[in-house]
Each structure stands twice: as C-alpha cells, then as structure tokens.
Ligand code: MSP
C-alpha cells in the first residue's frame, strides 16, 4: 500500500534579523508542496526551524553585550512572525537549542562512537568561520572559502573524526541506484566530480575551541560540529531516539529535504553517510534548488543592503500582499535554477498575472453570473466545440499541474495553472456572453456554467500557492475544505447553488509610481 504520509523539511536557518527574500524562498516553496500534498489527502508533516549553535552567533551576541539565549530568542520570534506573515503553515518549528534536540545529537554521537565510526585525533586544517566549515587546500578557490569567498584560518586542535572516507563507494552506488535521491541531476555530477571522486576525507566532527555548541557527552570539553548537530534536526523533530517515536515511525524516511544549492554537500554526502553508519533509512529525496540573485550574486543578508524591499520582505508583503510575494518567487525562479530579482518584474507580474489573468476572470465571470442569473449557478445544456475545447484544455492543464507537483516543480506547475485562467479568458472572448444575453439564453447558461467551473478548478489548485486569494474565491463557491482535489472536475457544480461575492483580489498598480515610492524608502 502506498504510504499516505508526506514529510517535508526546509533547511533550518541561521538566526538573523535580516532575513531576505532569498531566505524566504525555501520556506515558501516547501509550504506550497506541503499544502498541495495535504490537498491530495496526505497526512503532511512540514518541518522548519533554526540552527542556533556555532562560534559566529556566540561572537555576535558577545559583541552586542547580550546573553546568547536572549539574543537568539528575540530573533527567533522575529523569524516566526515572518513565516506567519508569509502564511507558512508548518507543523513544527525546531530550534537546535531545544533540549530534546540536544539530547538526540548527543545520543547519535555516542552511538557513532560506539560503532567505531568516530575516533579521536588531531585536526589540522583550514576553517571558514562565517560558514562554520572545514576545507581542504584543494577545495579552496583562490585560497579562500569556496562558498563565501572569505578568508580561511589554519587551525590545529584535538578533535573527533567521522570515518567519511569509508563511504565514497556507497554514496556512488546510492546515486547510481536511486537517481531520485539527489535532484536536480546536475547536483549529482557536482558532488561526484568535486568531492567523491577526488577521495572523501574523514570529517572533523567536534571542536574544543567552539564553546557555544552541544557538548560531547563522554568528553565534554568537545562540542559537536554544528553541521552534525544541525542535520539531525530532521530526526529529532519527529522524536527519533526519544521516549516517544510515534512520529518517527509514521513519517520517516522524509519524502523531501528541500535545500538551497549551497548546502547540497552537507545533505547529499555527510547526511546519507551518517545515516548509513547508524543504519537509519535514507530520506527519499534531497532537492537542491537555485538562488534568487541580484546583480548576478546570491541575495544575502550581508550584501545588497541597498535594495531595502528584498532585504526586508515585510515591505513587499505589506505593500503588495503575501500572495504577490509568494507568486513572484514561485513563478520567477525556474525550479532548480537561479532567478534574478527585479522589482519592476515583480510589479509587472502582479498586474499581468494576478490582476489580469486571474483577478479579471473572476470579476468578469461573477459579475455576469450576478447580472444574468442573480448569482445562481445556471443549468448547463448541450456542449458545442468551444465548450469541449475549454474542458479538454482545463483538464490537460490540471493533469500537468499534478504531474509537475509530483516532481515538486512548482514553477512549471504554476505556469500550467495560470494557463487555466488564460483558457477561461479566451473562452469569454470566443463566446461573447454579452451577445448571447440578447438572444440565446440556453447557450448563455452553458457558457457561464463552464466559466464558473473553470474558476473553481483553477482555484482549488491555486490554494496551495496563493492561499489568501484562493480562499476568497473558494468561499464564494461555498468551499472551505482543503483536501479537495476530487472536486477539481467539470460538471460537479450544482445548478441552483448560490455564488457569493468576492472582494477585490489584487488591485492594479501604477508601476512607475510604485517604483518611485520604493526608491524613497529608507
Ligand atoms: N543553517 C544552515 C542550514 C542547515 S540545514 C540542516 C543554513 N542556513 S542559512 O540561513 O544560511 O540558509 C538557509 C537556506 O536559505 C539555504 O537553503 C540557502 O540556500 C537559502 N538561501 C539563502 N539565500 C538564498 C537566495 N538568495 N536564494 C534562494 N535561497 C537562498 O544554510
């Protein structure tokens, strides 16, 4: 029997009070995928949270003269508020400073040690403080950290090591036998050629110089390497190695770890190797999505601070609605690749897609339904070629949305989804209901019925992507459940049913004016 649960995770974020639109990407996409699976009737567990250990955070708190926990608490509340604002419907928010998580991290460290996968030695090497990552000489780019381009420091200290070098062949076999394990495919080549083929080295998994971390239980002057601690959040959050493993048994293995391409190495090399060592089943898929770029660079907390609205996504949400922000990110970044941010394109998308394609179709149809039939669903009569074509196009687009969402391809799915609204608008132009209203009442009834169905089907699918707008429209149809994919079909609307009103969905923008106003923000 096919498993009816769906466990999806985002990366756990380094706490920051400057979360950018780029940071919101993983969370928004994961939210769409989670909601979509709920709509398909699955029991979904959606995990997000924060990654709170490591020297960098401790140093920042110290520099601010703050108690580290207080410093973190304020930021975490801020991040939770942001997710609320973006309508992120997560099941659990994990903090790696939560006691239950710390216990699990210690337990797995002990277990790996007992099994002989962890041993004590000396670490001599290069460390990038901002990324909390160790690098070998050959991995550096121009002598600097290959991820962030910053300086690395030579460090030498007693440390525990994980026998990663034993896992090269097993990982190659994993990628070969399970092409779905790491997606998109290009990431596999990168991991194999840059890391596995040159030979994996054992991984340093503890530090004595890092104080803000989870102590190794049997040797407490060591703290657990922050990435090992962080990765195990995916298991501790669902009760693995705790007194109550119900959720672990129910949801593991995870269906999808959605992550950005910069952290693929940790998730597709370290993570499966650690799980193999522990004899824990592997997650079904790691998907390394692309970045939101600005001026060819990753939009990041420390750079690009000149563009205020993307550094503080709250500005875009408060001015243009949460749906606009979600729509832009889902649509503009081709899933798996990078996408470039432009405020102008963001505003244009609102006008062309949200106002014209979706908003206008709803407004025109409901206005006609009101004018001609007092907002009562009319009775459908015989179908002609225009109707048959519309129904076929909408059905095909719906099936394409379902297929793309099986592959988690949210950008292609939403493009197909909006084609449904496009078919509806084209059908209005073809059938010209205002002419039918003069002399062909039977035909008019069929046309309005088909338009209402088109909107209903499109909006049922849309609720995972743009929950707020979709809710307003679905309410007008008297639909308030979420797991309703079965009603996304023609012919199910009952004639005689009353259609409610829909308030303005997305106001049309004067783009020039908006750009000027945004430029004046400080
Ligand atoms: N703490 C680690 C993750 C540990 S998971 C066990 C981390 N945190 S992060 O805050 O730096 O990044 C979180 C996610 O945000 C990453 O997946 C990263 O790729 C993503 N993004 C950060 N900037 C981004 C863009 N500009 N565009 C898209 N995603 C980006 O890494």
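The values are calculated or read from the model by the stated rules, or taken from the named source; none is laboratory data. This structure is a prediction, so every number in the text was calculated from the model and none was measured. Don't worry about glycine lacking a Cβ; one is built from the backbone with ideal geometry, like all the others, and counts go over all protein chains shown.
I'd like the residue in the stretch 223-248 that is crowded, with 24+ Cβ neighbours inside 10 Å and in a loop (DSSP other than H, G, I, E, B) and, out of all such residues, is farthest from the ligand (Cβ to nearest atom).
Going through the qualifying residues, I end up with 238.
Output the number of the condition that residue 457 fails; it satisfies all remaining conditions of (1) surrounded by fewer than 21 Cβ atoms within 10 Å (Cβ to Cβ); (2) within 38 Å of the chain's Cα centre (by Cα); (3) in contact (Cβ under 8 Å) with a residue 60 or more places away in the chain.
(1)
What number of residues in the stretch 485-518 are in a loop (DSSP other than H, G, I, E, B) and out of contact with any helix residue (DSSP H, G or I) (no Cβ under 6 Å at 6 or more places or on another chain)?
Result for the stretch 485-518: 12.
Matching residues to (1) under 30 Å from residue 62 (Cα atoms); (2) assigned by TED's automatic domain parsing to the domain that holds residue 27; (3) at pLDDT below 95:
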{"residue": "208", "(1), (2), (3)": "yes, yes, yes"}
{"residue": "213", "(1), (2), (3)": "yes, yes, no"}
{"residue": "234", "(1), (2), (3)": "yes, yes, no"}
{"residue": "242", "(1), (2), (3)": "no, yes, no"}
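One residue is enough: does the stretch 348-361 have a residue meeting the conditions part of a helix (DSSP H, G or I) and either closer than 22 Å to residue 291 by Cβ or within 16 Å of the ligand (Cβ to nearest atom) (or both)?
Yes, that holds for at least one residue.
Condition first: at pLDDT below 95 and assigned to a loop (DSSP other than H, G, I, E, B). Now tell me which residues in the stretch 142-195 satisfy that.
Within the stretch 142-195, 142, 143, 145, 146, 147, 148, 149, 150, 152 qualify.
When you scan the stretch 202-221, do you find a residue that is within 16 Å of the ligand (Cβ to nearest atom) and assigned to a helix (DSSP H, G or I), even just one?
no
Checking the condition surrounded by fewer than 19 Cβ atoms within 10 Å (Cβ to Cβ), in contact (Cβ under 8 Å) with a residue 24 or more places away in the chain and more than 16 Å from the ligand (Cβ to nearest atom), which residue from 56, 42 passes?
On the way: 56 fails: more than 16 Å from the ligand (Cβ to nearest atom).
Sole residue among the options that is surrounded by fewer than 19 Cβ atoms within 10 Å (Cβ to Cβ), in contact (Cβ under 8 Å) with a residue 24 or more places away in the chain and more than 16 Å from the ligand (Cβ to nearest atom): 42.
Quick check on residue 344: is it in contact with a strand residue (DSSP E or B) (Cβ under 6 Å, 6 or more places away or on another chain) and surrounded by fewer than 17 Cβ atoms within 10 Å (Cβ to Cβ)?
When the stated conditions are applied, residue 344 does not pass them.
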